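Dropping the structure in here first, questions after.
The values are calculated or read from the model by the stated rules, or taken from the named source; none is laboratory data. Just so you know, these numbers come straight off a predicted model, no measurement behind them. Cβ: placed from backbone, ideal geometry, glycine included. Neighbour counts: every protein chain shown. What goes into the accessible areas is simple: the full protein's heavy atoms, side chains included, and nothing from ligands, DNA or RNA. Shrake-Rupley method; radii C 1.70, N 1.55, O 1.52, S 1.80 Å.
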Amino acid sequence: QVQLVESGGGLVQTGGSLRLSCAASGSIVSINAMGWFRQAPGKERLWVAHITSDGRIAYADAVKGRFTISRDGAKNTVYLQLSSLKPEDTAVYYCKLQDRIGNYWGQGSQVTVSS
């Protein structure tokens, strides 16, 4: 069993910043990648960013240049620094871990950006 615990969401004004954290624990078997998705009300869950075990990083166009993903391999923790936030960034943010066995999701963190 793999558990992902997220923290760091909240309410912020347009232009503000937040940092999300996601700590993984349990029966993890060789992480391939960790990443973030988001789901706005009434919309599908969309990929935001990911970082692979060898450090390769990719971002969705909508967040490129504003969000930064990073990881602490020793702690099996992934971070997402959200900067220059816009109201359209409002969503529940989910972290995801992919290892050799499967895919696992965090519980979700609400990020609300007020205009």
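For the chain, what is the charge dipole size about the Cα centre, in debye to the nearest 20, if Lys and Arg each add +1 at the Cβ and Asp and Glu each add -1 at the Cβ?
Values: 12 positive and 8 negative charges, 15 e Å.
Dipole size: approximately 80 debye.
Taking θ = phi - 60°, what integer Hz values does the Karplus form 6.51 cos²θ - 1.76 cosθ + 1.60 yield along segment 50-66, in sequence order, with x for Gly and Pro?
Working through the residues one at a time gives 8, 9, 8, 5, 9, x, 6, 10, 9, 10, 5, 4, 5, 10, 4, x, 10 Hz.
Here's another thing I want to ask about it. Give the total of Lys-Lys pairs in the chain with Cα-Cα distances below 20 Å; include a pair only if its members are 8 or more places apart or on different chains.
On the way: 43/86; 43/96; 64/86; 64/96; 75/96.
Lysine pairs meeting both conditions in the chain amount to 5.
With a 1.4 Å probe and every protein chain left in place, work out the accessible area per residue of segment 15-81 in Å², rounded to a whole number.
Numbers: 3530 Å² over 67 residues.
Value for segment 15-81: 53 Å² per residue.
Please figure out what share of the DSSP beta bridges in the chain is antiparallel and state it in percent, rounded to the nearest 5. Don't jump to the answer; show the numbers that get you there.
Working: 42 of 46 bridges.
Beta bridges within the chain, antiparallel portion: roughly 90 percent.
Take residue 103 and residue 3, extend 7 Å from each Cα along the Cα→Cβ direction, and tell me the distance between the two endpoints in nm.
Result: 2.3 nm between the two label points.
In terms of modelled amide H atoms, which long-range or inter-chain residues lie less than 5 Å from the amide H of residue 86?
Residues meeting the amide H criterion: 15.
If each residue of separation counts as 0.36 nm, what is the full-extension length gain between residue 58 and residue 28 once their alpha-carbon separation is subtracted?
On the way: separation 30, 0.36 × 30 = 10.80 nm, distance 2.26 nm.
Value of the extension gain: 8.5 nm.
Another question about this same structure. How many percent of the accessible area of the chain is carbon or sulfur, using a 1.4 Å probe?
Values: 2940 of 6040 Å².
It is 49 percent, rounded to a whole number.
In square nanometres, what is the average projected area of the Cα convex hull of segment 43-96? Walk me through the numbers before you get to the answer.
Details: hull surface 16.3 nm².
Approximately 4.1 nm², given one-decimal rounding.
When the Karplus curve 6.51 cos²θ - 1.76 cosθ + 1.60 is applied with θ = phi - 60°, which whole-Hz ³J(HN,Hα) does each residue of segment 28-39 get, with x for Gly and Pro?
7, 10, 6, 5, 8, 6, 10, x, 10, 10, 9, 9
What is the calculated FRET efficiency for residue 112 to residue 70, with r their C-beta to C-beta distance and R₀ = 25 Å, to the nearest 0.05? Can you show the working numbers first?
Details: r = 23 Å, r/R0 = 0.92.
That pair, residue 112 with residue 70, gives E of 0.60.
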